[in-house]
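Working notes for the structure below.
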Amino acid sequence: MYTRTYSSLLTIICFIANGCSNISNNIPNTPNTDVSLVQNYEKISRIVHIDLEERVATIRFGNDLSNEFLVSRDVNGVQTGVLKGILKVNDSLKTAYILDGTPQINDGIFKASKQQSDSLSKIFRDANT
């Protein structure tokens, strides 16, 4: 009786162990995290907070940004909004007015080109400087 029970128990354990080993063989190996992607992500100015009532956005890594026109872009590079920086000295967090569009948290923030800035200054003449 004990022999049959042990034999059945051993068969079940082998079956489970064999099934588990086959599952792990089917899981694809993921490549190691590319450190350069993480570093590039951290270097880009990004929106970390949005106040839709006041129409302001808080930007991390905005040290190089001043009170100029800015554009926000999503992860696909599509422009999601136009912002105007608020002058603030010696602070890693930057604040900007949301002038147009619907920027989202984690959107990248970039300086508007000279041509864009000229065009935007005509459209948004009353934007705070």
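The values are calculated or read from the model by the stated rules, or taken from the named source; none is laboratory data. Values in this document were obtained by computation on a predicted structure and should not be read as measured data. Neighbour counts run over all protein chains shown; Cβ positions are idealised from the backbone, glycine included.
To keep it simple, each residue is scored yes or no on (1) within 21 Å of Phe124 (Cα to Cα); (2) touching a strand residue (DSSP E or B) at 6+ places or on another chain (Cβ under 9 Å); (3) part of a loop (DSSP other than H, G, I, E, B).
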position: Ile47; (1), (2), (3): no, yes, no
position: Ile50; (1), (2), (3): yes, yes, no
position: Asn63; (1), (2), (3): no, yes, yes
position: Asn67; (1), (2), (3): yes, yes, yes
position: Leu70; (1), (2), (3): yes, yes, no
position: Asn76; (1), (2), (3): no, no, yes
position: Thr80; (1), (2), (3): yes, yes, no
position: Leu83; (1), (2), (3): yes, yes, no
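Based on this model, can you work out whether Leu9 counts as modelled with pLDDT under 70, within 14 Å of the chain's Cα centre (by Cα) and not β-branched (Val, Ile, Thr)? Spelling it out, it is not the case that Leu9 is modelled with pLDDT under 70, within 14 Å of the chain's Cα centre (by Cα) and not β-branched (Val, Ile, Thr). Once the range 111-124 is narrowed to residues that are among the hydrophobic types (A, V, I, L, M, F, W, C) and surrounded by 14 or more Cβ atoms within 10 Å (Cβ to Cβ), the residue that is nearest to the chain's Cα centre (by Cα) is Ala112.
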